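Working notes, beginning with the structure itself.
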Amino acid sequence: MKAKLATFAVMLSFWAILSGMFDAFHLSLGVICCLLVALFSGEMLFEGLRVEVRVKQIFGMLAYFPWLLWAIVLSSLQVAYIVLHPQMLDKMEPQLIRFKTKLKSNFARVTFAQSITLTPGTITVSLQDDEMTVYALTRSAAESLPGEMERRIARALEPEEA
Amino acid sequence: MRISLQEARDRIPQRDTILETTVRLMVPFIQLYGLYVIVHGHYSPGGGFQGGVVLGASVILFALAFGLPASKRYLSESTDIILANTGALIYTGIATLCALLGGMFLDYSALAKILPIDPISWHSHGIFLVEVGVGMGVTTIMVSIYWDMASAGRLDEGL
Amino acid sequence: MNWLVTLLMVSGVFFFAIGTIGILRLPDFYSRLHAAGKCDTLAATLAVSAIALYNLHDLSFASILVSWKVFFIVFFIFMASPTATHAITKAALIVGVEPWQRKGTRK
Amino acid sequence: MMSQVFLSVALALVMLIFLTLVRALGGPTVLDRIVGVNMIGTKTTVLLLLIGLIYENMPMFIDIALAYAFLNFIATIGACKYFRRSKRVHLEDDLAIEKEASA
């Protein structure tokens, strides 16, 4: 029930952004549409978690986001260096690696997996419980995991266990 | 720890946690966007058909991530059929109602005889009602076409 | 302001170009995904935020809402792009696309 | 002045789309084609927004761009899911097998 109410609130703000029309007709239609979505997919945004936990996670993500953006800039520059290098094959040493992550919650693990995909030279292949398989483009990228990113995610998303 | 390709292949789990979590976060927003496209049909490009496609695609995305049986628990087969028929009924019902009230087929101004507001605004309201019907029909028919094609008509595990 | 928008947009196009050259030049499927996933995400983010910024040049309530809507595309690309990359990698691994190996190294 | 910038950026994007099309058409495996098509989709999303700026009709083109981004993602996931079932991803192999069968 609480999840449905929270979904309704989120959907209503999204509707305000989408619609941009605030006359009575469109506003009432918006409320009806948000109610429909909340009834049909109310449990989906919160996947059985308490609402407060999800809200805390969202704020943690906001704190983590600037660093991620910077990491993506670095990784794109690295890709640019490899791609534009005339002998690029010498720079590459592809390998698959596997390691265990210390993160506990599902959301934190998925955030970690997505961040790995977005940061230099690595792509997440699979995630099973706490085991991650990662495809790395270079040896140094493979050795840098889990590294600083995991600590940052742990601090942002799971502060009580850090 | 470095592993071989074969080992990585053996370790791919049945359920894809990354895909599932992302899809969970996306589906409500896609659904609301589909409803928005249906409702704002006469201000933006779109309308019943396009909004219905986006709505149907959200259920298809759910089915792709969680598997076909889960999507049938989310939107049951009987609900799907009922909604599809209601959508078609709304469309033809309004069109026939116009004809019965003395106008042409889909001539919305004839509806002013039921509820006396001026015929021009009945035009926009009539189009809106018809588009809701079209949207319902398109959504549910898209979902059921996906179910049939993904499982070769058996409606079991599917893709 | 116009200079900032131009700068963001040109850097967006630069990274789009890197991504394109990347998927044309790199030797195997998996490394092409690196170019596709990262560069496209960053490039789309830069270009779309430039558009959102430019949209604010006549400041009104409506244009702020439109900019938010544009930013929503950025959020969506940020969630969708890594997920798509992951799904493609997984599919490639299952159907058994062989990665490129340097001569002399063993798996 | 800004509209010239947008126009040249849009033209550059169109050129890049054609370059990406090389990979989407000629990629050795089906999955290469999916990557190519996905990248074309991202570029098209940005291109639609740029067209909106050039024609000064932003609210309309944002709706199209959003729908395009959604459907691009769903199409990629669906295609991956479909080709995971088929064990042959090299289209050339399929063509060779067909040729043998017909000969």
Exercise for the section: Answer with yes or no whether residue A:71 is touching a residue at least 60 places away in the same chain (Cβ under 8 Å) and assigned by TED's automatic domain parsing to the domain that holds residue A:147. Expected result: yes
Fill in the blank from the handout: For segment B:13-37, pairs from a residue that is more than 26 Å from residue C:90 (Cα to Cα) to a residue that is modelled with pLDDT under 85 and outside any helix (DSSP H, G or I), with Cβ under 6 Å and 6 or more apart or across chains, are B:37/B:46
Problem - Residue among B:80, B:10 that alone is surrounded by fewer than 22 Cβ atoms within 10 Å (Cβ to Cβ) and either touching a residue at least 24 places away in the same chain (Cβ under 8 Å) or over 18 Å from residue A:125 (Cβ atoms) (or both) - result: B:80
Handout entry: Hits in segment C:25-51 - residues which are surrounded by fewer than 23 Cβ atoms within 10 Å (Cβ to Cβ) and either more than 9 Å from chain A (Cβ to nearest Cβ) or not in a helix (DSSP H, G or I) (or both)
Key = C:27, C:28, C:29, C:49
Problem - From A:28, A:75, A:19, residue being within 8 Å of another protein chain (Cβ to nearest Cβ), among the small types (Gly, Ala, Ser) and either surrounded by fewer than 16 Cβ atoms within 10 Å (Cβ to Cβ) or under 23 Å from residue D:60 (Cα atoms) (or both) - result: A:19
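Rundown of residues vs (1) in contact with a Lys or Arg (Cβ under 8 Å, 6 or more places away or on another chain); (2) within 11 Å of chain C (Cβ to nearest Cβ); (3) of a type in the set (Asp, Glu); (4) within 30 Å of residue A:58 (Cα to Cα), yes/no style:
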position: A:80; (1), (2), (3), (4): no, yes, no, no
position: A:110; (1), (2), (3), (4): no, yes, no, yes
position: A:121; (1), (2), (3), (4): no, yes, no, yes
position: A:124; (1), (2), (3), (4): no, yes, no, yes
position: A:128; (1), (2), (3), (4): yes, no, no, yes
position: A:133; (1), (2), (3), (4): yes, yes, no, yes
position: A:139; (1), (2), (3), (4): no, yes, no, no
Handout entry: Enumeration of residues in segment A:118-134 that are crowded, with 22+ Cβ neighbours inside 10 Å and in contact with a Pro (Cβ under 7 Å, 6 or more places away or on another chain)
Key = A:118, A:126
Exercise for the section: Would you check if residue A:60 is outside the structural domain of residue A:115 (by TED's automatic domain parsing), of a type outside the set (Val, Ile, Thr), in contact with a Pro (Cβ under 9 Å, 6 or more places away or on another chain) and buried (at least 16 other Cβ atoms within 10 Å of the Cβ)? Expected result: no
Problem - Subset of segment D:5-51 (residues that are at the interface with another protein chain (Cβ under 9 Å from one of its Cβ atoms) and touching a residue at least 40 places away in the same chain (Cβ under 8 Å)) - result: D:6, D:9, D:28, D:29, D:30, D:31, D:34, D:50
Problem - Members of segment A:17-54 that are among the aromatic types (Phe, Trp, Tyr) and not in a helix (DSSP H, G or I) - result: A:22, A:46
Exercise for the section: Look at residue B:18 and say whether it is in a helix (DSSP H, G or I) and either among the basic types (Lys, Arg) or in contact with a strand residue (DSSP E or B) (Cβ under 7 Å, 6 or more places away or on another chain) (or both). Expected result: yes
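The values are calculated or read from the model by the stated rules, or taken from the named source; none is laboratory data. It should be emphasised that the depicted structure is a prediction, and the values quoted were computed from it without experimental measurement. Glycine also receives a Cβ, built like all others from the backbone with ideal geometry; neighbour counts cover every protein chain displayed.
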